[in-house]
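*Asks:* A single structure is presented below for examination.
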Amino acid sequence: MKLTISGIQDTSAWQQAGITLPNYDVKQLQESSRRNPRWIHFGAGNIFRMFIGGIADQLIAQGLMESGIACAETFDFDIVDKIYKPYDNLVLAVTLNADGTTDKRVIGSLTEALKAQASLNKDWARLVEIFTNPDLQMVSFTITEKGYALKDATGAFFSYVQADLERGPQHAVSAMAVVTALLYERFLTGGIPVAIVSMDNCSHNGEKLRSSIITVAEEWVKRSFVPSAFLLWLEDESKVSFPWSMIDKITPRPADSVCEELKKNGVEAMDPIITSKKTYIAPFVNAEKAQYLVIEDHFPNGRPPLEKAGVYMTNRDTVNMVERMKVTTCLNPLHTALAVYGCLLGYHLIADEMKDPELTELIRRIGLVEGMPVVTNPGILSPTDFLQEVIHERFPNPFMPDSPQRIATDTSQKVGIRFGETIKAYIARNGTAASLTAIPLAIAGWCRYLLAVDDEGHAFDLSPDPMAEELTAALQDVKLGQPESYRGQLKAILSNVNIFGSDLYVAGIGEKIEQMFVEEIVETGAVRNTLKKYLT
């Protein structure tokens, strides 16, 4: 059994293996979608393939969508060559139930895969064709928080962004420059309205995406690459809208156990690969059952009936409240705390960490004790119920092969949102965040993690992070077992507004974090001892 359009024609074999197939003609869908593209998505990774692709799959199966989603990748082109094209863009989606069973289905809604870079003439021409099509309604994104970042911790443009700003739209390489260049093509061909929808897991995602695109356009206007009228068009949300959204579905790396199960079912060529950009990906995607997507309903050129596939369509204020609930209180801060401490304490599965009394108490306090008092109830979802589901059902799922090492990726880009927003809320309410303990302990844990030495004194590899080199260099003289080696090296980090969203010393917790950090480097076992001190 091959995961290709021709391979799924033998429906009886797939049914016997317990794998549900599309009830529509995938090849015909791909052909019609190429003629009339209505939705293109940037970021061709796992959460998109299973969750967003699954939403489109449901709507197509119900006869509510006539075209699928074109996929564009700006970062890791191996995904296009090794995961999309050999499998005719099909996805084998595997839901990991808490009772150990799996639900398996083939998703056929992803219609083409393109490498998004101006220098790749064929794919670029196709992207321009899509963006200039009047029928295009939505451009969506799951490129991670760092995909929107234009500047480093000093406030200077990253070198690759600076190069794009100086070369102009005809030579765009970075994600934000690529999208801005393609929107310029749409502007030049009549400027038909379109929605630019971030579905990334970060606070105010639509605002961040809009800011980055407009910044690129402003820089190009300054250099006379584009007219000021283009900038005015981008800034008019009746022409180009940037809806906010909240997304939630834990989608871990492909599990060996799932791969073996699929092989036993007779499905060929399911082995995961590691791309040249270190992406761990497979022809299948495994994920938890729980999923939430809430989107601001602002689509100036129309949209698919997303609510018919379980998407909450609402207003911006409600999205903001749901997103704040999840990203800054009820899930993401807990995940980051488990990630850094899991690496320090030798864990390799989040589910195993949920058996650790100190770690479960840490996340309980971050969410229920410190986060919940400053969360506004969004109405459409209960913060308390959501948090209880995370702590008691989702994180402890033993069949979810999610690792702290995966979640620790890009932590420098996340702490400002995942902890910084709650810190700012305390400052706004109380004038200080000095009453917090669990959140400072989580931040101290991240700083201790940056030493790349676990609690037993063994070195480990840090997860990828764009600021890893800069941060580890700042702490290079700090040594485990030598607390006197700490001489204020954290001050520049903890006071960095670009990292945390505020100066943590002004917030009243900088010194507390330093003290916790020093306690965690006293000797081997000090991380565990420090957790016990503050949590029991």
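*Asks:* To test your reading of the geometry: what angle, between 0 and 90 degrees and rounded to tens, separates the Cα axis of helix 175-188 from the longest principal axis of the chain?
*Replies:* Taking Cα atoms only, the helix is inclined about 40 degrees.
*Asks:* Quick check: with the 1.4 Å probe, what order do Ile281, Ile273 take by accessible area, largest first?
*Replies:* Putting Ile281, Ile273 in descending order of accessible area: Ile273, Ile281.
*Asks:* For the chain, report the accessible area per residue in Å² (1.4 Å probe, heavy atoms, rounded to an integer).
*Replies:* Ligands and nucleic acids excluded, the result is 38 Å² per residue.
*Asks:* Given 20 °C and 1.002 mPa s, compute D for the stretch 451-492 with the Stokes-Einstein relation, Rh being the Kirkwood radius over Cα pairs; round to the nearest whole µm²/s. Mind showing how you got there, number by number?
*Replies:* On the way: Rh = 11.3 Å.
Result for D is 190 µm²/s.
*Asks:* Moving on to the next point. Could you state the number of Å between the C-alpha centres of the stretch 255-317 and the stretch 161-226?
*Replies:* If you average the Cα positions of each part, the centres end up 26 Å apart.
*Asks:* If you rank Glu235, Glu519 by how much accessible surface each has, with a 1.4 Å probe, what is the order from largest down?
*Replies:* Highest to lowest solvent-accessible surface, that is Glu235, Glu519.
*Asks:* Counting Lys and Arg as +1 and Asp and Glu as -1, what is the net charge of the other residues whose Cβ lies under 11 Å from the Cβ of Gly68?
*Replies:* After counting each charged neighbour, the total is -2.
*Asks:* Report the accessible area of Glu129, computed with a 1.4 Å probe over the heavy atoms of all protein chains in place, in Å² rounded to the nearest 10.
*Replies:* About 100 Å², ignoring ligands and nucleic acids.
*Asks:* Moving to a separate point now. Largest first and in whole Å, what are the equivalent-ellipsoid semi-axes of the stretch 29-68 based on the Cα gyration tensor, each being the root of 5 times an eigenvalue?
*Replies:* 17, 13, 7
*Asks:* Another question, then. Angle check, please: helix 121-131 long axis (alpha carbons) against the longest principal axis of the chain (alpha carbons), in degrees 0 to 90, nearest 10.
*Replies:* Long axis of 121-131 versus the principal axis of the chain: about 90 degrees.
*Asks:* Just the accessible area for His348, please: 1.4 Å probe, Å², rounded to the nearest 10?
*Replies:* Roll a 1.4 Å probe over it and His348 shows about 130 Å².
*Asks:* Now for a different question. Give me P(r) over the stretch 121-168, computed from all C-alpha to C-alpha distances, binned every 10 Å, as integer percentages.
*Replies:* Whole-percent P(r) values from 0 Å outward: 20, 32, 38, 10, 0.
*Asks:* Quote the relative contact order of the stretch 1-74 in percent (integer), defining contacts as alpha-carbon pairs under 8 Å separated by 6+ residues. Show your work: numbers first, answer last.
*Replies:* On the way: 69 pairs, mean separation 25.2, N = 74.
Relative contact order, the stretch 1-74: 34 percent.
*Asks:* OK, next. Counting helices only, and only those DSSP H runs with n ≥ 4, report the 222 nm mean residue ellipticity of the chain as the sum of -39,500 (n - 2.57) divided by its residues, in deg cm²/dmol to the nearest 500. Display every interim value, and only then the final one.
*Replies:* Values: 23 runs with 203 residues, N = 536.
Result for the chain, helices only: -10500 deg cm²/dmol.
*Asks:* What do the square roots of 5 times the Cα gyration tensor eigenvalues come to for the stretch 223-356, in whole Å, largest first, as semi-axes of the equivalent ellipsoid?
*Replies:* 36, 22, 19
*Asks:* Now a separate question. Excluding His298 itself, calculate the net charge of residues whose Cβ lies under 9 Å from the Cβ of His298, where each Lys or Arg counts +1 and each Asp or Glu counts -1.
*Replies:* Details: positive: Arg316; negative: Glu237, Glu296, Asp297.
Cβ neighbours under 9 Å give a net charge of -2.
*Asks:* Among DSSP bridges having both ends in the chain, what percentage is antiparallel? Round to the nearest 5.
*Replies:* Taking every DSSP beta bridge with both residues in the chain, the antiparallel ones total about 35 percent.
*Asks:* Could you run the Karplus curve 6.51 cos²θ - 1.76 cosθ + 1.60 with θ = phi - 60° over the stretch 84-97 and give me ³J(HN,Hα) per residue in whole Hz, x for Gly and Pro?
*Replies:* 8, 4, x, 10, 6, 6, 7, 10, 9, 9, 10, 8, 9, 7
*Asks:* For the stretch 176-319, what proportion of DSSP beta bridges, expressed in % and rounded to the nearest 5, is antiparallel? Walk me through the numbers on the way to the answer.
*Replies:* On the way: 6 of 11 bridges.
Percentage antiparallel, nearest 5: 55.
*Asks:* Under the Karplus relation 6.51 cos²θ - 1.76 cosθ + 1.60, θ = phi - 60°, what is the ordered set of whole-Hz ³J(HN,Hα) values for the stretch 162-167, x standing for Gly and Pro?
*Replies:* Ordered by residue, 3J(HN,Hα) equals 4, 4, 5, 5, 7, 8 Hz.
*Asks:* Using a 1.4 Å probe and ignoring any ligands, DNA or RNA, find the accessible area of Asp81 and quote it in Å² to the nearest 10.
*Replies:* About 70 Å², ignoring ligands and nucleic acids.
*Asks:* For q values of 0.11, 0.13, 0.18, 0.20 Å⁻¹, compute log₁₀ I(q)/I(0) with the Debye formula on a Cα-only model of the stretch 412-536, without solvent.
*Replies:* After summing over all Cα pairs, the log10 values are -0.35, -0.49, -0.96, -1.17.
*Asks:* Within straight cross-link reach of Lys264, meaning Cα distance under 28 Å, which lysines are found once same-chain residues fewer than 8 apart are removed?
*Replies:* Excluding near neighbours in sequence, the set is Lys2, Lys27, Lys82, Lys85, Lys104, Lys249, Lys278, Lys289.
*Asks:* Continuing with this model, one more query. Ranked from the most accessible area to the least, with a 1.4 Å probe and all protein chains present, what is the order of Tyr486, Tyr341?
*Replies:* Tyr486, Tyr341
*Asks:* Starting from the Cα of Lys479, draw a straight line to each of the lysines and keep only those under 28 Å, dropping any in the same chain fewer than 8 residues away.
*Replies:* Correct list for Lys479: Lys414, Lys491, Lys512, Lys532, Lys533.
The values are calculated or read from the model by the stated rules, or taken from the named source; none is laboratory data. Treat the numbers as computed from the prediction; the structure is a model and nothing was measured. Cβ coordinates were reconstructed from backbone atoms using ideal geometry, including for glycine residues, and neighbour counts include every protein chain displayed. Heavy atoms of the whole protein, side chains included, go into the accessibility calculation; ligands, DNA and RNA do not. Shrake-Rupley method; radii C 1.70, N 1.55, O 1.52, S 1.80 Å.
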